[in-house]
Amino acid sequence: MNNLARAPRGWLLMLAIGLIALNMRGPLVAVAPVIAQLEDDLGFTPVELGFLTGIPVLCFALAAPLASLAGRKLGPEFAITLTLLGVLFGVVVRSAGGGALVMLGTVILGVAITIGNIVVPLIIRRDFTPARQGAAMGTYTAALNIGSFLTSMVSAPLAELLGWRPAIAASGLFAVAAGAVWVIAVGRQAFIPAPVPASHPGRPGGKLTSRWITAALTFGFAGQAFSYYGVTAWLPSLLADELGMAPAAAGAGSSLFQILAIVGGLGVPLAARFASTTAVGLTLGLLWLTVPLGLLLAPELWWLWCSFGGVAQGGGITLIFLAIIRLARDQASAARMSAVVQGTGYSFGAVAPTLLGYVHGVTGAWTGPLLMILCSVAAFILGTALSLRRVPKPH
């Protein structure tokens with residue numbers, strides 16, 4: 001599959017990556033629109049429902065080392081096949097039985113998707129030219145949000161028509177479609193483990209430099225993840241409390257925040273062609289800052305802050321993943337760097353909803369949570385500023 005992106009069938013690999021990305025978030029958000037039916041049918045408590053929605057992000061954090069190992073020992077092609085099979089199996093298990101199977105299926109989904117989180121950037125790094133890596137990464141991150149948006153839109157109507165089990169099982173169709181295109185794109189390599197060669201020694205002093213870059217990227221991604229999962233969890237409640245918005249209208253703010261991530265994901269690679277990655281990162285940081293500052297100072301303009309924040313969160317993850325694949329010496333180094341950055345970053349993302357909710361509960365106001373998000377955005381700005389200046393320009 002090497003150099004496939006330079007061949008006439010390169011478009012097929014790009015399509016496969018987009019379809020794979022639909023599976024990386026879509027099946028996870030399918031539960032949210034039918035949470036009331038789950039509560040009524042299975043007797044879940046609020047604590048259990050909170051744990052259910054938090055399982056995937058915990059898996060992203062805890063299973064990242066395992067996912068990196070799978071990518072190195074099995075090879076990217078076979079690892080992606082396992083991801084898609086795991087997603088399909090997890091969706092089926094989650095919709096097939098009682099509360100225990102719902103939990104088990106969600107764990108299977110979380111672990112399978114974690115493998116994809118680590119491995120897809122490795123494929124983009126290896127099989128696309130530097131000039132096309134940005135477009136491939138933008139397609140990937142945009143499709144992440146498209147999958148979430150489509151699943152959120154259709155789950156509730158499907159549940160009313162067919163019940164919650166078929167509604168959350170329907171996201172398995174993404175895995176079937178992606179699997180078919182993936183096999184066509186990579187052929188028999190999809191079924192053959194092929195270990196990634198070990199890292200070659202770097203230049204003298206290179207290991208220390210790599211550690212500092214990895215630390216800076218991790219710090220930046222932790223800020224990105226904390227901000228994203230915190231805003232996603234509490235934005236509707238904040239809008240309802242501060243502006244008296246009805247639940248449906250408050251939910252529109254969250255939808256705007258999610259869907260405009262597509263603009264950020266696709267726009268960052270284009271912007272990076274005309275400006276330095278450091279300038280792009282600082283611009284995204286400024287857009288991110290408008291969310292906590294805007295909601296503190298002028299919450300009535302929520303639609304503007306949600307729009308800016310959506311672009312920032314979609315562009316932020318694209319920029320960090322691009323930095324990983326361009327700064328790593330080789331595939332094995334990229335896998336390890338990605339595991340550290342994502343594993344640590346998603347750990348902060350996992351605790352964000354609970355921590356922000358606790359601070360809101362104690363203070364009875366949203367000022368404290370918004371100031372915490374302000375600090376996490378500052379971490380994103382600092383981490384990316386320290387690391388992105390070393391990202392080479394594509395040729």
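At-a-glance table
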| item | result |
| --- | --- |
| The range 253-276, subset hydroxyl-bearing (Ser, Thr, Tyr) and part of a helix (DSSP H, G or I), residue least open to solvent (accessible area, probe 1.4 Å) | 254 |
| Residue check for residue 341: closer than 15 Å to residue 221 by Cβ, assigned to a loop (DSSP other than H, G, I, E, B) and open to solvent by less than 50 Å² (accessible area, probe 1.4 Å) | no |
| Enumerated helices (runs of 4 or more DSSP H) restricted to the range 6-75, each holding at least 3 residues that are open to solvent by 50 Å² or more (accessible area, probe 1.4 Å), out of contact with any helix residue (DSSP H, G or I) (no Cβ under 9 Å at 6 or more places or on another chain) and among the basic types (Lys, Arg) | none |
| Looking only at the range 321-357, and only at residues there that are β-branched (Val, Ile, Thr) and touching a Ser or Thr at 6+ places or on another chain (Cβ under 7 Å), the one that is nearest to residue 128 (Cα to Cα) | 324 |
| Any hit, the range 374-383, residues being open to solvent by less than 50 Å² (accessible area, probe 1.4 Å), aromatic (Phe, Trp, Tyr) and either touching a residue at least 24 places away in the same chain (Cβ under 8 Å) or in a helix (DSSP H, G or I) (or both) | yes |
| Count of residues meeting criterion [modelled with pLDDT of 85 or more and in a helix (DSSP H, G or I)] in the range 238-252 | 6 |
| Leading residue by the ranking (least open to solvent (accessible area, probe 1.4 Å)) among those in the range 277-307 that are of a type in the set (Gly, Ala, Ser) and without any contact (Cβ under 8 Å) to a residue 12 or more places away in the chain | 298 |
| Selection count where residues are of a type in the set (Gly, Ala, Ser), under 24 Å from residue 61 (Cβ atoms) and open to solvent by 10 Å² or more (accessible area, probe 1.4 Å), scope the range 91-111 | 2 |
| Residue list for the range 236-245, filter: in contact with a Gly (Cβ under 7 Å, 6 or more places away or on another chain) and open to solvent by 10 Å² or more (accessible area, probe 1.4 Å) | 236 |
| Boolean, residue 351 is assigned to a helix (DSSP H, G or I), out of contact with any helix residue (DSSP H, G or I) (no Cβ under 7 Å at 6 or more places or on another chain) and either of a type in the set (D, E, K, R) or open to solvent by 40 Å² or more (accessible area, probe 1.4 Å) (or both) | yes |
| Subset of the range 134-154 that is open to solvent by 10 Å² or more (accessible area, probe 1.4 Å) and not aliphatic (A, V, I, L, M) - its residue that is nearest to the chain's Cα centre (by Cα) | 145 |
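The values are calculated or read from the model by the stated rules, or taken from the named source; none is laboratory data. It should be emphasised that the depicted structure is a prediction, and the values quoted were computed from it without experimental measurement. Note: ideal-geometry Cβ built from the backbone for every residue, glycine included; neighbour counts use all protein chains shown. Each accessible area value is taken on the protein alone, full model and side chains, heavy atoms only, with ligands, DNA and RNA left out. Shrake-Rupley method; radii C 1.70, N 1.55, O 1.52, S 1.80 Å.
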